[in-house]
Amino acid sequence: MPISLTINGTAHEVDLPEDVPLLWVLRDEVGLTGTKFGCGVAACGACTVHIDGEAVRSCQVALSDVWGDVTTIEGVGTPDAMAKIQQAWVDHQVAQCGYCQSGQIMQAAALLAENPSPSDAEIDEAMQGNLCRCGTYPRIRAAIHTAAGKLKEA
Amino acid sequence: MASIGKILRRTFLIGSAAIVGGVAFGVYYVNRPAPNPLKPQEGETALNPFVLIDQEGVTLFAPRAEMGQGVMTTWAALIAEELDVELDDIRVLHGPAAAAYYNSAMLGEALPNKGYDISDFQHNLAEALGVLGKVLSLQVTGGSTSMKDGFERMREAGATARETLKQAAADQLGVDRGLLKTAKGAVIAPDGTTIPYTELAVAAGQIDPPHVELRDPSEWRILGKHHPRVDMVEKSTGTAEYAIDVRPEGLKFASVRINPKLGGEMNSFDASAAESMPGVEKIVDLGNGVAVIASNTWLAMQAVEAIEVDWGEAPYPPETDALFDVIAASFDGKANSAMRDDGDVSVMPEGATEITAAYKLPYLAHATMEPMNATALFTGKTLDIWAGNQAPTIIQSKAAEVANLDTEAVNVHTTYLGGGFGRKGEFDYTQIATKVAMAMPNVPVQTTWSREEDMRHDFYRPGAMARMRGAVKDGKAVLYDGQIAAQSAVYQAMGRIGVPSGGPDKVLVEGAFNQPYAIPNYRVRGYVTDLQVPVGFWRSVGNSFNGFFHDTFLDEMAHAAGRDPLEFRLELMKSEHAPSAGCLEAVREMSGWSGETPDGVGRGVGFCYSFGTPVAQVIEVVDEDGTIRINKAWIACDMGLALDPNTVEAQMVGGMIYGLSAAAYGEITFAEGEVEQYNFPDYDAIRMHTAPVTEVRVLETNRHMGGAGEPGTPPAMPALGNALFDLTGQRARTLPLSHSFDLLI
Ligand code: FES
Ligand code: FES
């Protein structure tokens, strides 16, 4: 029985076993490859997406358990129309290899939605599940502060 | 010497070739041009193209892989500087795999000098020896060589293209070339007539390129300044394509399990349970492992896990302790090298105090953020491979062997790399993907490893041991005698690509024998351990363990001499290498180093000269209710010319964090022949809350250009250990530090 999902505002019918994690539905079935596989065990945050605005590890959410509308990095903004948070990432030249950054941005976006001006300690708390093997943490932190400022102006 | 002169002249022959609708500029090498990746028409000479100008605009081929170090942008800047085009107007592509893009600077590193004392003559010789790279067909990203390698070649290509386009315009307008100017991708005549390069490209293809002089650095408008990286928007919007993201029409998804007793055989397997699992399309026998092709990567992973396998034994002692017994025993054998032997270490100077220490460092995994994967499409006659990789020519020939095809029948498509750190210079994952795809001809198959498979099938940073003996007198180091033992990553890597190796392994002792300290009696010997644990190049290679051994022992000597550890190093360094001393002075000033720290705060200094770049770091740790946090860091480096200081800063911070991750938490151990670490919970790294607040200073006094991607890693490990000693009085002689200190996790 196909399962219906709403991803970035578009309805999808997915015909896969119901225990397939959302991550692999997005990547291999729907073709949204911006969400990354890093560990499969909730230890790296590369797979972070939003379900009804909440940041979740998509490698841990079975297809049949998806409880709301899914937003992925592709739904946040596009190269021609970047969201403010993505612009902040570009302004600070955050990415190195870039592989972790979709997850970092999704986690940071959820943080800012809940807390428009997070302190450094609050950033530490919210972002510590997102690994970056390239070590871009100082620039991620700076970009979150910048994005917070920009979002307040708007 | 005559032949070297000849090679030197011929190494940098810039040429051009007409292409359909335009012109390509590049380099002819040595005597016989290597096969041209752009497949010239019959009768044309092969050219190794860097710049291509046609009706579409200006395209640059970057022969080095973008692993996150910003190389695509900086290579583009080198061309744009001379060509007078804006960075935004250039398209940058990874060049196709071609022997022509050999890595000249990396081979230069193989010369028997300490590096920092290199003379101009040796420097030229090193460049000339780069031709060896062509013999080996190395198109490798590694050794922090990208910028050194491209520095001359790309600017020459840009300048030659500019002057040729001007000549085409001069012919068309009937004015002298010397009267023409260029800007923003167009030639401008004295009367203001402006002709875009795109319109001159075809005519330029018919002109012999004139000889050009490179611009003086004082005239640069792009180089030496920061430019937004060309890959940044894609990487901030989830649209950058990594190997794991390629989606050719009809793609199937596979996952793999290779014998976890590394290098062991597969005795038998039973896939009956896996065959009937959802989505499964094919079980593949790989000889030393199994793969499952399915409709979805996760379904493939579930099925491959369900296969019962009887694995053969590993070809090395199965437990960690036994491995280190073998490493320790290599000290009893003959030394493989004594790359430094100054004065006489056999005589203890009169009145000196002797100290000794032994150190031990673990095997380490690369743990790139993107797990190993590659996609292959095999038609029987051709093979296409999509992979994030650091060595496309090696991947091409090794895949051809597996597929029983000519090398030319294999196309390697290099994508962005989700981290490399040396791991993606290997070719195991592309050979595996090739075998899997051969089981389903005419269908593209993406083979993705689970994180567990990735962690447990690496070419590890070798476990290493050191025995140090030194002496201090009147507050100074008077004797330093170091012995280092480990498996040789170089021997193994050369063996894998079928190049004979042997003789002194300089890499085994780099970071120890070549440090810029004026110690009168100074010897460093290396001992190669013969073990079959797979080992390879891990960010900064030999420096990754020698940086810790050498610098930690200096810190111990300073302590024994009753001296401030920073001043102790500086005094020995000043007369030996001014740029190195400059880095130490810079971190002293930046950190307000006084040698004193308040209660509950510890500071350590670390230094390593590697890949032509000296780097000094000061690390500060704080005790917060019994838990130790890495609070701050100061870094100073001097790579001579920093082509993009912002990118250099990022590499220094990233390199340091990679080193701190290893120092604090990193360890690969073995039980029953298998790696005991499976995933990030067992092999953790620095995260947002454990990363120090960091300040970087980029100095530019060094006469020769050094690397940026790796030199930040080695000094981080001793600097952290030295800071913990300052805080606790306990000396760290083994890593990771989380075993002996209560570090914040
Ligand atoms: S892949 Fe989901 S947390 Fe790592
Ligand atoms: S940018 Fe490479 S892992 Fe974060």
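The values are calculated or read from the model by the stated rules, or taken from the named source; none is laboratory data. Please read all numbers here as calculations on a predicted model, not as lab measurements. Here Cβ is always computed from backbone atoms with ideal geometry, including for glycine, and neighbour counts include all displayed protein chains. Keep in mind that these areas ignore ligands, DNA and RNA; they rest on the heavy atoms of the full protein, side chains included. Shrake-Rupley method; radii C 1.70, N 1.55, O 1.52, S 1.80 Å.
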Unique match (being open to solvent by less than 10 Å² (accessible area, probe 1.4 Å) and either within 14 Å of another protein chain (Cβ to nearest Cβ) or at pLDDT below 95 (or both)) among B:VAL233, B:VAL246, B:VAL290: B:VAL246
Search region B:362-384 for residues being more than 14 Å from chain A (Cβ to nearest Cβ) and over 15 Å from B:GLN431 (Cα atoms), and hand back the single one that is surrounded by the fewest Cβ atoms within 10 Å (Cβ to Cβ). B:LYS381
Hey, B:THR613 hits all of (1) touching a Cys at 6+ places or on another chain (Cβ under 8 Å); (2) open to solvent by 10 Å² or more (accessible area, probe 1.4 Å) but one; which does it fall short on? (2)
Hey, can you tell me all the residues within region B:556-582 that are among the hydrophobic types (A, V, I, L, M, F, W, C), touching a Ser or Thr at 6+ places or on another chain (Cβ under 7 Å) and surrounded by 19 or more Cβ atoms within 10 Å (Cβ to Cβ)? B:MET573
From the list B:PHE553, B:PHE537, B:PHE545, B:PHE549, exactly one residue is at pLDDT below 95 and buried (at least 24 other Cβ atoms within 10 Å of the Cβ). Which is it? B:PHE537
The listed residue being under 23 Å from B:GLU234 (Cα atoms) and within 14 Å of ligand 2 (Cβ to nearest atom), out of A:THR136, A:THR146: A:THR136
Given the conditions (1) under 28 Å from B:VAL280 (Cα atoms); (2) within 16 Å of ligand 1 (Cβ to nearest atom); (3) within 12 Å of chain B (Cβ to nearest Cβ), which single one is not true for A:VAL70? (3)
What are the residue pairs meeting all of these: first residue in region B:415-430, first residue within 14 Å of chain A (Cβ to nearest Cβ), second residue modelled with pLDDT under 95 and assigned to a helix (DSSP H, G or I), Cβ atoms under 6 Å, and 6 or more apart or on different chains? B:LEU417/B:LYS424
Looking at region B:297-318 only, could you name the residues that are touching a residue at least 12 places away in the same chain (Cβ under 8 Å) and touching a Phe, Trp or Tyr at 6+ places or on another chain (Cβ under 6 Å)? B:THR297, B:ALA300, B:ILE307, B:VAL309
Expected output for region A:64-78 (first residue under 21 Å from A:PRO17 (Cα atoms), partner assigned to a strand (DSSP E or B) and among the acidic types (Asp, Glu), Cβ below 9 Å, 6+ apart or cross-chain) is A:GLY68/A:GLU54
If we scan region B:339-355, do we find a residue that is hydroxyl-bearing (Ser, Thr, Tyr), in contact with a Phe, Trp or Tyr (Cβ under 8 Å, 6 or more places away or on another chain) and either touching a residue at least 40 places away in the same chain (Cβ under 8 Å) or within 16 Å of ligand 2 (Cβ to nearest atom) (or both)? no
Looking at A:ALA83, is it open to solvent by 20 Å² or more (accessible area, probe 1.4 Å), outside the structural domain of A:ASP52 (by TED's automatic domain parsing), more than 16 Å from ligand 2 (Cβ to nearest atom) and closer than 22 Å to A:PHE37 by Cβ? no
On the given criteria, is A:ASP19 within 16 Å of ligand 1 (Cβ to nearest atom), over 13 Å from the mean Cα position of the chain (by Cα) and part of a loop (DSSP other than H, G, I, E, B)? yes
List every residue pair whose Cβ atoms sit under 6 Å apart, with the two residues 6 or more apart in sequence or on different chains, where the first one lies in region B:674-687 and is facing another protein chain (nearest Cβ under 7 Å) and the second, anywhere, is modelled with pLDDT of 95 or more and open to solvent by 20 Å² or more (accessible area, probe 1.4 Å). B:ASN679/A:VAL41; B:ASN679/B:GLU452; B:ARG687/A:GLN128
